[in-house]
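K.L.:
Below are the structure tokens for one structure; questions will follow.
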Amino acid sequence: MADTQELVEALKRSEHRYRNIFQAMSVAFWELDFFPVGDILRDLRKQGVTDFAAHMAAHPEVVRQMMRATRIVDINDQVMAMLGRGDRAEMLVNLEDYWPQSSTPVYAASVVAAVTGQPNYSTETKVRAMDGREIDVLFTACFPPDTMNKGTLLVGVIDISERLKAEALLAQVQAEFAHAARISMLGELTASIAHEVNQPLAAIAASAAAGRRWLDRDEPDLEEVKTLVARIARDADRAAQIIGRVRDMAMRRAPEPRPLSLNGLVEEAVVFLRHEIQGHEVTLTLDLANGLPPVMADRTQLQQVVVNLAVNALQAMGQGGELVLATTPTDGGVRLTVSDTGPGIAPDDLGKLFASFYTTKDGGMGMGLPICQTIVESYGGTISAANSEAGAVFTVILPSTVQRVA
Ligand code: ADP
């Protein structure tokens, strides 16, 4: 008898604890009766359905039917606060009300997780409030075997809309910073760019003058003029390409990741740098490996990284020295190193270089390296700084789009 009493007390305590957790946590909880969904699944199996995931993907209406069949046993106050409009009864009627169409696959995935014996399922999705608002949430469903056998299921959601808003704002601020840095970089490289554009323009002028001379002859040599016109067209095309690259750098637009050749990108970046390199009387060495796999990234963003690291190297060296841009394959990706023969980095500073606003230059912004880091990491890569025997070396590693076959 005493044992029974103790058992009842223990059960009460356990129930009390559960209720406490159910109510006190800042998570919106639903306690659901899942049995009717079991019936639907059994019916489907009878009809010969073996792959529930594929069937539900092809028949979202079945998933909606499951939502309607799921019975809401209880909700906690957080569900009311987050999604309700004061009427508790209305919130206990139909689970489908909480699920916007776009979240249907999440419900399907959680059903699949439950019936395939997963201990839980969680993902980011949207739920719908009673007034129709859609809210970004982290959704979690737990399937402990003992409660599953009773057909009950605990589902929780945490409102992450503020976090997502903050992330979106951060991404926007980062994009704006990156754009501002590109504009300031273009400003620093104006002489280089002007020089690059000037070369084909000068060649066009020379070809035009020569063409006129051939035409002014007593017997105009049209073959020569044809060759010169073709040369003019080629040089005009080159000038247009350079201007196009500058315009891409100057424009503010959303990144467009696509498979890129890192070597091609390094060669293009040199267009921005050639004159600057000459101005610093620096020798440029390109050591580009053959047969590198492509990387998935936005061309302008990655060019910004290469140009930024190279400009830093030139500024560190001042006059004279050697700048080496090298590419090599790595396991699953590609590596770019930008090495210089400058003073290197003081050991104490190595840990600070990528922090925002860290600069040792008069008039420096200290945003170049943090922006490079944000860009590289957004493509799953890494960037690091070290000292070599000669100076500093910055290493960028990016995953390739084509994984190596073992
Ligand atoms: P900024 O160029 O405006 O200073 P960065 O974020 O690009 O901003 O660089 C931060 C700091 O890192 C520089 O001020 C410099 O002290 C150091 N640094 C960057 N590149 C090199 C390099 N190649 N050699 C030595 N120091 C470097």
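The values are calculated or read from the model by the stated rules, or taken from the named source; none is laboratory data. Here the structure is a predicted model, which is why all the values come from computation and not from measurement. As a convention, Cβ positions derive from the backbone with ideal geometry for all residues, glycine included, and neighbour counts pool all protein chains shown.
K.L.:
Pairs, please: C-beta under 9 Å, at least 6 apart or cross-chain, first residue farther than 14 Å from Asn312 by Cα and in the stretch 271-286, second surrounded by 20 or more Cβ atoms within 10 Å (Cβ to Cβ) and of a type in the set (Asp, Glu)?
P.N.:
Qualifying pairs under 9 Å: Val271/Glu196; Arg274/Glu196; His275/Glu196.
K.L.:
What are the pairs with Cβ atoms under 6 angstrom where one residue, in the stretch 333-351, is at positive phi and the other, located anywhere, is assigned to a loop (DSSP other than H, G, I, E, B)? Sequence gap at least six, or different chains.
P.N.:
Gly344/Gly391
K.L.:
Specify which of the listed residues (Ala141, Ala166) is crowded, with 18+ Cβ neighbours inside 10 Å and free of Cβ contacts under 8 Å to residues at least 40 places away in the same chain.
P.N.:
Ala141
K.L.:
A further question on this structure: Which residue pairs have Cβ atoms under 6 Å apart, sit 6 or more places apart or on different chains, and have a first residue in the stretch 119-136 that is touching a residue at least 40 places away in the same chain (Cβ under 8 Å) and a second that is surrounded by 14 or more Cβ atoms within 10 Å (Cβ to Cβ) and of a type in the set (Phe, Trp, Tyr)?
P.N.:
Val127/Tyr98; Arg128/Tyr98
K.L.:
Could I ask something else about it? So Val334 passes all but one of these: (1) within 13 Å of the ligand (Cβ to nearest atom); (2) over 25 Å from His179 (Cα atoms). Which condition number does it fail?
P.N.:
(1)
K.L.:
Identify all residues within the stretch 344-363 that are acidic (Asp, Glu) and near the ligand (Cβ under 8 Å from one of its atoms); write none if there are none.
P.N.:
Looking only at the stretch 344-363, we keep the residues that are acidic (Asp, Glu), and these are 348-349, 362.
The one that is acidic (Asp, Glu) and near the ligand (Cβ under 8 Å from one of its atoms): Asp349.
K.L.:
Also: Cβ-Cβ below 6 Å, separation at least six or inter-chain, first residue in the stretch 198-223 and closer than 13 Å to Arg234 by Cβ, second of a type in the set (Val, Ile, Thr): which pairs?
P.N.:
What qualifies is Ile204/Ile232; Ser207/Ile232.
K.L.:
Now a separate question. Any residue in the stretch 32-43 that is within 23 Å of Pro145 (Cβ to Cβ), touching a Ser or Thr at 6+ places or on another chain (Cβ under 8 Å) and charged (D, E, K, R)?
P.N.:
Among the residues of the stretch 32-43, at least one is within 23 Å of Pro145 (Cβ to Cβ), touching a Ser or Thr at 6+ places or on another chain (Cβ under 8 Å) and charged (D, E, K, R), which makes the answer yes.
K.L.:
Could you tell me which of the residues Leu265, Leu228, Leu222, Leu215 is farther than 19 Å from His195 by Cβ, touching a Lys or Arg at 6+ places or on another chain (Cβ under 9 Å) and modelled with pLDDT of 90 or more?
P.N.:
Going through Leu265, Leu228, Leu222, Leu215 in turn, the sole match is Leu265.
K.L.:
Of all residues in the stretch 95-112, count the ones that are polar (S, T, N, Q), surrounded by fewer than 18 Cβ atoms within 10 Å (Cβ to Cβ) and in contact with a helix residue (DSSP H, G or I) (Cβ under 9 Å, 6 or more places away or on another chain). Give the steps one after another, and end with the answer.
P.N.:
Of all residues in the stretch 95-112, those polar (S, T, N, Q) come to 101-104, 110.
Now drop any that are not surrounded by fewer than 18 Cβ atoms within 10 Å (Cβ to Cβ), which leaves 101-102.
If we keep only those that are in contact with a helix residue (DSSP H, G or I) (Cβ under 9 Å, 6 or more places away or on another chain) too, we end up with 101.
Total satisfying the criteria: 1.
K.L.:
Taking the residues in the stretch 302-331 that are under 24 Å from the mean Cα position of the chain (by Cα) and part of a strand (DSSP E or B) as candidates, determine which candidate is farthest from the ligand (Cβ to nearest atom).
P.N.:
The selected residue is Pro329.
K.L.:
Give the residue, chosen from Ala24, Ala69, that is out of contact with any Lys or Arg (no Cβ under 9 Å at 6 or more places or on another chain), at pLDDT 90 or above and of a type in the set (Gly, Ala, Ser).
P.N.:
Matching residue, one of Ala24, Ala69: Ala69.
K.L.:
Turning to a different aspect of this structure: Could you please find all residues in the stretch 278-294 being aliphatic (A, V, I, L, M) and within 27 Å of the chain's Cα centre (by Cα)?
P.N.:
From the stretch 278-294, those aliphatic (A, V, I, L, M) are 282, 284, 286, 288-289, 292; that's our starting set.
Once the filter is applied, which keeps residues that are aliphatic (A, V, I, L, M) and within 27 Å of the chain's Cα centre (by Cα), the stretch 278-294 yields Leu288, Ala289, Leu292.
K.L.:
Same structure, new question: Which ones in the stretch 364-406 are out of contact with any Asp or Glu (no Cβ under 8 Å at 6 or more places or on another chain) and near the ligand (Cβ under 8 Å from one of its atoms)?
P.N.:
Hits for the stretch 364-406 are Gly364, Met365, Gly366, Met367, Gly368, Leu369, Pro370, Ile371, Cys372, Ala385, Phe394.
K.L.:
Please go through the stretch 237-276 and pick out each residue that is touching a helix residue (DSSP H, G or I) at 6+ places or on another chain (Cβ under 9 Å), basic (Lys, Arg) and assigned to a helix (DSSP H, G or I).
P.N.:
Arg238, Arg245, Arg274
Listed here are the residues, each with its yes/no results for (1) of a type in the set (Ser, Thr, Tyr); (2) crowded, with 20+ Cβ neighbours inside 10 Å; (3) in contact with a helix residue (DSSP H, G or I) (Cβ under 6 Å, 6 or more places away or on another chain).
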{"residue": "Gly291", "(1), (2), (3)": "no, no, no"}
{"residue": "Ala310", "(1), (2), (3)": "no, yes, yes"}
{"residue": "Gly321", "(1), (2), (3)": "no, no, no"}
{"residue": "Thr330", "(1), (2), (3)": "yes, no, no"}
{"residue": "Tyr358", "(1), (2), (3)": "yes, no, no"}
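K.L.:
Can you confirm whether Thr341 is within 7 Å of the ligand (Cβ to nearest atom), surrounded by fewer than 21 Cβ atoms within 10 Å (Cβ to Cβ) and assigned to a loop (DSSP other than H, G, I, E, B)?
P.N.:
No, not satisfied.
K.L.:
Would you confirm, using the coordinates I've provided, whether Ala297 is away from the ligand (no atom under 11 Å from the Cβ) and under 20 Å from the mean Cα position of the chain (by Cα)? If you could, list the steps in order and put the result at the bottom.
P.N.:
Working: away from the ligand (no atom under 11 Å from the Cβ): yes; under 20 Å from the mean Cα position of the chain (by Cα): yes.
For Ala297, the condition - away from the ligand (no atom under 11 Å from the Cβ) and under 20 Å from the mean Cα position of the chain (by Cα) - is met.
K.L.:
Another question, then. Being part of a loop (DSSP other than H, G, I, E, B) and within 36 Å of the chain's Cα centre (by Cα) is the filter here, so list the residues in the stretch 39-69 that pass it.
P.N.:
Asp51, His59 - these are the residues of the stretch 39-69 that are part of a loop (DSSP other than H, G, I, E, B) and within 36 Å of the chain's Cα centre (by Cα).
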